[in-house]
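Read through the structure below, which is laid out as structure tokens, and then see the notes.
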Amino acid sequence: MEIKVDWTQASVIMTNSYGKEYDIGKACVMVEEQTRKYPCFAYTTDIDTFDLIIKNMTFRSSCLTNASLNDPLEKERKGVEEFAGSRFITCFCHTNIEQVPFWAYYGKTNKPKKLLLQFKNFANNIDDNIFTDYALIDKQRILFNSKEYAAHLNYRYINKTILDEKIYLDAFIDTLQFVDVKYVPPDSEFLKRDYRAPIKLNIEKLTGKANDNVIIDGYDPTVLGVYKSEAWKNEEETRLLLTVNQPDFKKLSYIDLRLKPAIFENLKIVLSPWDDGILKQEVLRIINNSSLPESIKETIEIQDSCLKNGINI
């Protein structure tokens, strides 16, 4: 029986170039060379969120369509807006210098409860600091691209049931990247160009007809979550960027990456410039009550802000 394919209904979706760390049946982990050189990854937050990070041992990675973006245009790249729901980000500053805008605009609204967490640069040894077998969506596990995911999917296909109800099978995490945000002029072509473009596909080998070509839609969503206007250049931002292979880009709002205790080793915690004198005790209580090994707890340093009593905003 001859099966006819309507190639005009096909499309090509660009993906990130896989480096030497990529393997079939394994999630792709990519780190830019410059990113490996930074002194730390700084994260401005508040005492309640810090408590959740320590208790749950997770970083929340927000969907690009739902994240609190100070540059909302970065999820609206022409022609590929629909793919924004497949990108999930956790944002860090890659300098160990305190910045007033971060204290002002991040860490929620309770000024005396804000914290600056300066993690060591964990991009060089991801496996020691972040689990890459699965992450969490509420009470379910979302697997990284793996043979385990394929096995569960095949089991559901063959047996019309799910092998493990705790595993989310509608999607998997395909890539985990460390990317430095690229800051470009507001009139840059990177911000304005159309990332949907026709592609000529040669199907001569498939049809047996000489010079048989079709024109199909091509998409390049790899620009999403990477470029911002240079007005935000002072943020010096590095992101953990997850790419999720899922058919419904509006289904997930966040993913929680699972952390290993080593990520907290030599953590430096800077107290709010508006600290009312009790924040350090709250931080110590959270650390002491945590499940972190004592050897890790002993390396954590807590210090006052160099801007203490010096910000009037």
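So which of Ile255, Ile300 ends up being touching a Cys at 6+ places or on another chain (Cβ under 9 Å) and of a type outside the set (Ser, Thr, Tyr)?
Details: Ile300 fails: touching a Cys at 6+ places or on another chain (Cβ under 9 Å).
Step by step, each of Ile255, Ile300 is checked, and only Ile255 is touching a Cys at 6+ places or on another chain (Cβ under 9 Å) and of a type outside the set (Ser, Thr, Tyr).
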How many residues does region 38-48 contain that are in a strand (DSSP E or B) and not small (Gly, Ala, Ser)? 6
Residues (of a type outside the set (S, T, N, Q), at pLDDT 80 or above, part of a loop (DSSP other than H, G, I, E, B) and under 29 Å from Met30 (Cβ atoms)) located in region 163-219: Lys166, Val181, Pro185, Pro186, Arg193, Asp194, Tyr195
Any residue in region 42-55 that's touching a residue at least 60 places away in the same chain (Cβ under 8 Å) and under 20 Å from Tyr105 (Cβ atoms): show its pairings with residues that are in a strand (DSSP E or B) and polar (S, T, N, Q) at Cβ separation under 6 Å, as long as the two are six or more apart or on different chains. Ala42/Gln118
In this structure, does Gly225 turn out to be of a type in the set (Gly, Ala, Ser), at pLDDT below 95 and out of contact with any Asp or Glu (no Cβ under 9 Å at 6 or more places or on another chain)? no
Any residue at all in region 298-313 that is at pLDDT 95 or above, part of a helix (DSSP H, G or I), more than 30 Å from Thr65 (Cα to Cα) and in contact with an Asp or Glu (Cβ under 8 Å, 6 or more places away or on another chain)? no
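Could you tell me which residue of region 257-287 is surrounded by the most Cβ atoms within 10 Å (Cβ to Cβ), considering only residues that are part of a loop (DSSP other than H, G, I, E, B) and within 29 Å of the chain's Cα centre (by Cα)? Steps first, please.
Start the filter on region 257-287 by keeping residues that are part of a loop (DSSP other than H, G, I, E, B), which leaves 260, 265-267, 272-278.
Remaining after also requiring within 29 Å of the chain's Cα centre (by Cα): 260, 265-267, 272-273.
Working: Lys260: 15, Glu265: 20, Asn266: 14, Leu267: 19, Ser272: 24, Pro273: 22.
Looking at the filtered set, the residue picked out is Ser272.
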Taking the stated definitions as given, is Ile142 touching a Gly at 6+ places or on another chain (Cβ under 8 Å) and not in a loop (DSSP other than H, G, I, E, B)? no
For residues that are over 18 Å from Asp180 (Cβ atoms) and touching a strand residue (DSSP E or B) at 6+ places or on another chain (Cβ under 8 Å), scanning just region 60-74, find the one that is surrounded by the fewest Cβ atoms within 10 Å (Cβ to Cβ). Ser68
Hits in region 110-125 - residues which are modelled with pLDDT of 90 or more and out of contact with any Lys or Arg (no Cβ under 6 Å at 6 or more places or on another chain): Asn110, Lys111, Pro112, Lys113, Lys114, Leu115, Leu116, Leu117, Phe119, Lys120, Asn121, Phe122
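I'd like the full set of residues that are under 9 Å from Tyr183 (Cβ atoms) and of a type outside the set (D, E, K, R), limited to region 217-233.
Tyr227, Ser229, Ala231, Trp232
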Scanning region 288-302 for residues that are among the polar types (S, T, N, Q) and surrounded by 12 or more Cβ atoms within 10 Å (Cβ to Cβ), the one nearest to Val270 (Cα to Cα) turns out to be Thr299
Residues of region 73-92 satisfying the condition of being at pLDDT 90 or above and among the hydrophobic types (A, V, I, L, M, F, W, C): Phe88, Ile89, Cys91, Phe92
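The values are calculated or read from the model by the stated rules, or taken from the named source; none is laboratory data. Owing to the predicted nature of the structure, the values given are computational and were not obtained by experimental measurement. Cβ atoms come from the backbone with ideal geometry, glycine included; neighbour counts cover every protein chain shown.
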